[in-house]
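There's a structure below that I have some questions on.
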Amino acid sequence: MESLRFRLLGPLELWRGGEVVKLPASRKVRALLGILVLSSRPVARSQVCELLWDVPNDPRGELRWCLSKIRGLVDEPARKRVVADGTAIRLDLTDCFVDTTEVTRAPEHGIRKLGAERQQALTAHFAGELLEGLEIARSPMFDAWITAERRRFRGIHAVLLENLARELPHEAAGPYLEQWLRLAPFDRSAHELMLTSLARQGRIADGEAHLASASKLFEADGLESAPLRELWRAAREKHSAGSSAAAAPAAAPNVVTLPEIVSANLTETRRYAPESATTRRASLAVMPFVDRSSDADRKGGAADALARDVITRLAKLRSMFVIAAGTTFALRDRAVGPEEAGRMLNVDYVVSGSVRRHGKRETVSAELVETRTARVVWAETFDEKHDDALLVLEEIGNRIVAAVAHEIEMVERNRAILKPPSSLDAWEAHHRGLWHMYRFNKTDNEHARQFFARAVELDPTFSRAYAGLSFTHFQNAFLGWKKAAPEIDRAFETAGRGLMVDDRDPTAHWAMGRAEFLRGRHDHSVAELERSVELSPNFATGHYTLAFVHCQTGDPNAAISYSDHSRQLSPFDPLLFAMMGSRALGHVRLGQYDEAAEWAVKAAARPNAHQHIMAIAAMSLGLANRMTEAGEYKKKIRERVPNYDMAQFLGAFRMAPDAVDVFTRAGKKIGIS
C-alpha cells in the first residue's frame with residue numbers, strides 16, 4: 001500500500017491515506033519538495049541553494065527552514081523520509097506513488113512493449129505541465145531547470161500519444177492524435193500520420209484542408225512545408241486506386257479532430273520521405289549546451305563552443321546524418337527544447353547537455369535520447385579539474401563524441417538483429433553484420449560477411465559496409481579460419497573499394513590500415529591509420545589499431561599510449577579485449593612482464609576474447625613467472641584450438657625480431673612450441 005501519493009504532472013499535490021494534504025503557501029517550499037520528489041538521487045545542498053535563492057543572506061538557513069516544513073508534510077513518527085547530511089538531501093519514497101516516476105520508467109523498458117492499455121493509463125497522468133503554476137521570481141537557475149524538466153516530460157507525453165495514435169484502431173486513436181498535434185504542432189510525423197490516414201480513407205478534401213492549415217502554421221514559424229506537400233502528393237497517388245469506395249461523404253468541420261483515424265506504422269509514413277531505403281543513415285541533432293555557470297554568457301561562450309565542436313566531430317565520423325549547427329542553434333534561439341527539436345527535425349537521436357564552471361573545475365553533463373521513444377540511451381557527467389578550460393572541454397568533447405557514436409551503433413545493432421534478414425535495408429544489414437562481427441567466431445564472422453555483402457549490394461556507396469566486409473576477411477586470415485593469402489587479398493580489395501567510395505571516411509582508412517598490416521607493410525599501415533584518426537580524432541577503433549600495429553613492429557610506448565586513449569574514448573567497446581591485449585604486448589617488448597601479465601589477464605577475461613588473446617595471457621604470465629596461471633590459460637587455449645602452437649601465434653602477428661625471440665622463449669617455458 002502506498003503511504004504517500006505525489007502528483008507533479010499538473011499543480012503539485014500530495015495525498016496521505018487518500019486525503020489531500022494542504023501544502024505550505026511558500027513557493028520555495030513547494031519547489032524544493034518538487035525537486036526532491038523528482039530527483040532519483042541525492043541532491044547537493046549547494047545545487048538546491050543555487051536553484052532557489054538569488055544570493056540570499058543565509059541560503060543554508062533558508063534551506064533548513066524549508067526542510068523543516070517538508071518534514072512536517074512527509075515524515076511519520078516511525079519513519080523519517082527526509083534524509084539529509086552536510087552535503088546532500090534526498091527523500092525516501094520507496095513505498096510512495098509518484099506520477100513522474102511511473103511515467104519515466106516507461107521509456108527505459110520500451111514504451112511499445114507496454115501495450116495500449118498501460119500506455120493509456122500513463123497518458124492519463126498528464127494533468128498539465130510539470131509543477132504547473134510553480135514559478136519563482138528572480139530565480140533564473142530554477143527557471144532554467146524547470147523549463148528543461150518540462151520539456152523532458154512533454155517529450156515523453158508526445159511519445160505516448162504518438163504510439164496510441166498509431167496503435168489504436170479507428171475512432172479510438174482520434175483523441176490521441178488530436179492531443180499529439182496540439183502538444184507538438186511542428187512534429188512532422190504527426191501531420192504525416194494525419195495526411196496518410198486521410199489519403200488511405202479517400203478523404204481528399206479533408207487532407208487538402210489539413211495540409212493548408214499545417215503549411216500555414218509551418219511557414220508562419222519559418223519552417224519548410226514542402227516535405228508535407230510532397231508527402232500528401234505521394235500518399236494521394238498511392239491510395240487513389242479504389243478511393244471512391246472508401247471516401248467519406250463530406251469533410252468534417254475540423255479536420256484535426258476527425259473521429260476516423262487509421263493506425264499507421266512509422267515506417268509506412270516515412271516511405272514517402274525523399275531519402276531512399278538504401279541510403280538511410282541514423283540521424284542526429286546536437287542541441288546547444290546550456291551554460292549553468294553563475295557568470296555565464298548565455299550565448300557564444302564555452303557551452304556553445306562545446307556543442308559546435310561535438311557537431312563537427314560527429315560529422316567527421318561520417319557514419320550518420322548530423323544536423324548542422326546553424327539549424328540547432330536557431331531552434332535554441334526560438335526557445336525550442338531538445339525533445340521538441342528532435343521531433344521537429346524528424347531525427348532519430350538528440351544530444352543535449354549543460355556546462356558549469358566553478359573555480360578550477362568544469363562540470364559537463366550530457367545525454368543522448370532516442371527521439372521516438374523518449375528513452376535516455378546514454379547519460380554522463382564529466383567533472384574535471386583544469387588549468388586550461390579550453391583543453392579540458394576539448395577532451396570532454398572527445399569523450400562525448402566517442403560515447404554517442406558507440407551507443408548509437410549499439411542501439412542500431414540490437415534493433416537490426418531483431419528484424420527478419422529479408423527485410424533489412426543497407427543501414428540495417430550493416431549493423432546486423434556488426435553484431436555478428438564482434439562475436440569473433442568463425443560462424444558469426446561468415447554471417448557478418450554475408451550481411452556486409454548485402455549492404456554494399458543495396459548501397460554501393462556505403463563505405464562503412466566495405467570496411468566491415470574487409471574486416472571479416474581480416475578475421476579469416478588473422479584467426480586462421482581460411483587460407484591466409486586469398487583472404488589478405490580480399491581484405492585489401494574491399495578496403496580499397498571503401499576508399500574509392502569515400503576517402504574521407506575514417507573507417508575506410510582504418511580498414512586499409514588493417515589490410516596493409518596483413519601484407520606486412522608497416523609504414524603504409526601506420527600512415528592509413530594515422531589518416532583515420534586525423535579525419536576523426538574521436539575514432540576509438542583507429543586509435544586502438546595504431547596500438548595494435550605499434551605493439552608488434554613499431555614503438556611500444558606509443559602502443560601503450562594509443563591503447564589508453566582508445567579505452568578512454570570508448571570504455572565499453574566490443575574491442576576492449578584487443579585494446580588491453582595490445583597494451584600487454586607493448587609491455588612485453590619493453591621487458592615489463594608483470595605489467596604485461598596484468599593487462600593480458602584483463603584482456604582474456606573479456607567475453608569475446610579469441611585464442612591469440614589467451615596465448616598472450618599465457619605467455620605473459622609465463623614471462624612473469626606465474627606458471628600456475630599460465631598453465632590454466634594454456635588449458636583454455638587447447639579447449640578452443642587443440643593443435644594450437646607457436647607457428648599459429650607468430651603467423652597471425654607481424655612481430656619485430658626482438659618480440660619473436662621473447663615470445664618463442666615464453667612459449668617454450670609454458671609448453672607451447
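Read-outs: derived from the displayed coordinates by stated rules, not from any lab. These numbers were taken from a predicted model, which means no experiment stands behind them. Positions of Cβ are generated from backbone atoms using ideal geometry, with glycine treated the same way; all protein chains shown enter the neighbour counts.
Using alpha carbons only, how many degrees (0 to 90, rounded to 10) separate the axis of helix 170-183 from the longest principal axis of the chain?
Taking Cα atoms only, the helix is inclined about 90 degrees.
Is segment 565-667 best put as rounded, prolate or oblate by its Cα gyration tensor, with a ≥ b ≥ c the root eigenvalues, rounded for a/c under 1.5, and otherwise prolate when a/b is larger than b/c, oblate when not?
rounded
When only Cα pairs under 8 Å and 6 or more residues apart are kept, what is the percent relative contact order across segment 440-670?
13 percent
Given a cut-off of 24 Å, name the pairs among 602/669; 316/482; 69/360; 28/80; 602/634; 442/483 whose C-alpha atoms lie farther apart than that in the structure shown.
Going by Cα-Cα distance, 316/482; 69/360 fall outside the 24 Å limit.
Apply the a/c threshold of 1.5 to the C-alpha gyration tensor of segment 279-416 and tell me whether it is rounded, prolate or oblate.
Cα axes put segment 279-416 in the prolate bin.
Give, rounded to the nearest 20 debye, the magnitude of the charge dipole that the chain has about its Cα centre when Lys and Arg contribute +1 at Cβ and Asp and Glu contribute -1 at Cβ.
1260 debye
Which residues make up the longest stretch of the chain that has no GluC sites (Glu not before Pro) in a DSSP loop with at most 13 other Cβ atoms within 10 Å?
Longest site-free region, per DSSP loop and neighbour criteria: 276-673.
Ok, one more. Report the chymotrypsin sites (Phe, Trp or Tyr not before Pro) located in segment 511-608 that are in a DSSP loop and have at most 13 other Cβ atoms inside 10 Å of their Cβ, or state none.
When the chymotrypsin sites (Phe, Trp or Tyr not before Pro) of segment 511-608 are filtered for loop state and at most 13 Cβ neighbours within 10 Å, 572 remain.
For Cα pairs less than 8 Å apart in space and 6+ apart in sequence, what is the mean separation divided by the residue count of segment 4-127, i.e. the relative contact order in percent?
That works out to 30 percent.
Tell me the relative contact order for the chain as a rounded percent, counting alpha carbon contacts under 8 Å between residues six or more apart.
That works out to 7 percent.
Which value, in debye to the nearest 20, gives the size of the charge dipole of segment 440-670 about its Cα centre, when Lys and Arg are +1 and Asp and Glu are -1 at the Cβ?
That gives segment 440-670 a dipole magnitude of about 800 debye.
Would you work out which of 34, 305, 591 lies farthest towards the positive end of the dipole of the chain, given +1 charges on the beta-carbon of Lys and Arg and -1 on that of Asp and Glu, about the Cα centre?
Selected residue: 591.
So, one more: Give the residue from 518, 235, 378 lying farthest towards the positive end of the charge dipole for the chain; charges sit on Cβ (+1 for Lys and Arg, -1 for Asp and Glu) and the dipole is referred to the Cα centre.
In the chain, that residue is 518.
Same structure again: Name the trypsin sites (Lys or Arg not before Pro) in segment 308-394 that are in a loop by DSSP and that have at most 13 other C-beta atoms within 10 Å, would you?
334, 360
Quick one: helix 593-604 against the long Cα principal axis of the chain, what's the angle to the nearest 10°, folded into 0 to 90?
It is inclined by approximately 50 degrees.
Only sites in a loop by DSSP and with at most 11 other Cβ atoms within 10 Å count here; which trypsin sites (Lys or Arg not before Pro) in segment 1-38 make the cut?
22
What is the angle, in °, between the Cα long axis of helix 59-74 and the longest principal axis of the Cα atoms in the chain? Nearest 10 is fine, range 0 to 90.
That helix lies at roughly 70 degrees to the long axis.
Considering only 164, 199, 560, whose Cα is most displaced toward the positive end of the charge dipole of the chain, charges sitting on Cβ of Lys, Arg (+1) and Asp, Glu (-1)?
560
With charges set only on the Cβ (+1 for Lys and Arg, -1 for Asp and Glu), what does the dipole of segment 4-127 come to about its Cα centre, in debye to the nearest 20?
Charge dipole of segment 4-127: 80 debye, to the nearest 20.
While we're looking at this one, here's another question. Rounded, prolate or oblate: which fits the chain, taking a ≥ b ≥ c as square roots of the Cα gyration tensor eigenvalues, rounded meaning a/c under 1.5, else prolate when a/b beats b/c?
Verdict is oblate for the chain.
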